[in-house]
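Worksheet: the structure to be examined is printed underneath.
Each reported figure results from applying straightforward, stated rules to the coordinates on display, with no laboratory input. These figures come from a predicted structure and were not determined experimentally. Cβ atoms come from the backbone with ideal geometry, glycine included; neighbour counts cover every protein chain shown.
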Amino acid sequence: MTEPVTTNKQFTIPNTGDLPNAWGPPLNGNFTALDNLLGSSASLVVSSGTYTLTSAQAQNLRIALTGTLTGNVTINIPQYAGFYYFHDLTTRGGYTITVTTTASGQRTQNLPFKLGHVFTDGANVWLVSEPLHGETKPFSGWTIPPLWQAAIGQAVSRTTYSDLFGNITFQTTGNISSGSGSITNVPALPIGLSGNPPYAVPIEGLGLAVGTVATNFSGSAGNYTITISPNATATNSGTPIRLLPNGQGDGSTTFNLPDCRGRAVFGQDSGAGRLTNTSMGTASRWGRRAAINP
């Protein structure tokens, strides 16, 4: 009778009564696989295209990737839950390495340079130590690393980068009245945003034309008022509104990343008055970065 295997790492489970006087080989195989998972390595040479890890390769703590990339690489891992340490020793040349399963329509994961610790539930793949969405840092290399975008103000997809869109924009609610230049009864605003910002903040909501900006914030927590330009075109009470401090892209499918070109890295002023148009030029309230994690 064929012996079953464990769900996650495919260890042999001898059936009761099977393998009389022959338990050694399957048990030795299991112990070898366990030992590999605790400290052994498997090597995979890649260049471009798709590669599939065998069960034997997957039963290792470390997967060492070597070779010179001539195109983007996809690595299929087995469809059972577990962790993988990918050690990227390749020459990337600007190409990406993506880890996925063969499950249809599931989450994939781009590998960072050098070391990538990933987890799969058998279908989806996640980076274990994934940077925060919206985390930014200076970067001196010629090529922006995988998982990051250059912070140069470009428009990117709201669908592809939905987590980042949620993190670097701010959603609240308010009352919008047709023909009015104010949004009232706004319960919350970003920390430190009050009075006249150093630049007009793009704002979206039902009844607001594409290109509408917020020019003033007044009131107090639970009952703020936002001054807008141009006036609203429809009336909606308690409707969702969103502030997009870096730009709203095309107003529906894209949004803008921060633009760090020619900007120093500094913290948000939050009303302290330390950063002004005089000292820093325009657009000083929100801070500027060099690379951003989407």
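Once the other residues with Cβ under 15 Å from the Cβ of residue 228 are scored (Lys, Arg +1; Asp, Glu -1), what is the net sum? If you can, show how the numbers build up before the last one.
Values: positive: 242; negative: 204.
With Lys, Arg at +1 and Asp, Glu at -1, the net is 0.
Arrange 85, 80 by Cβ neighbour counts within 10 Å, fewest through most, would you?
On the way: 85 15, 80 18.
Exposure proxy ranking, most exposed first: 85, 80.
In whole Å, what is the distance between the alpha-carbon centres of segment 192-256 and segment 133-149?
First find each Cα centre; the distance between them is then 29 Å.
Dividing the alpha-carbon Rg of segment 123-213 by 2.2 N^0.38 Å yields what? Don't skip to the end; give the middle numbers.
On the way: Rg = 17.3 Å, N = 91, 2.2 N^0.38 = 12.2 Å.
Ratio of Rg to 2.2 N^0.38 Å for segment 123-213: 1.42.
Each residue of segment 123-138 in turn: what ³J(HN,Hα) in whole Hz from Karplus with 6.51, -1.76, 1.60 and θ = phi - 60°, glycine and Pro shown as x?
9, 9, 10, 10, 7, 5, 9, 5, x, 5, 5, x, 4, 10, 7, x
Going by how many other Cβ atoms sit within 10 Å of their own, how do 5, 201, 128 line up, fewest first?
Numbers: 5 15, 201 25, 128 12.
Ordered from fewest to most neighbouring Cβ atoms within 10 Å, 5, 201, 128 come out as 128, 5, 201.
Near residue 158, within a Cβ-to-Cβ distance under 13 Å, what is the net charge of the other residues, with Lys and Arg +1 and Asp and Glu -1? Numbers along the way, then the final one.
On the way: positive: 242; negative: 163, 204, 250.
So the surrounding residues net to -2.
Skipping prolines and chain starts, which residues have an amide H placed within reach, meaning under 5 Å, of the one on residue 101, given they are 5 or more residues away or on another chain?
77
I need 213, 73 ordered by Cβ neighbour count within 10 Å, fewest first.
Details: 213 18, 73 23.
By the 10 Å Cβ count, ascending: 213, 73.
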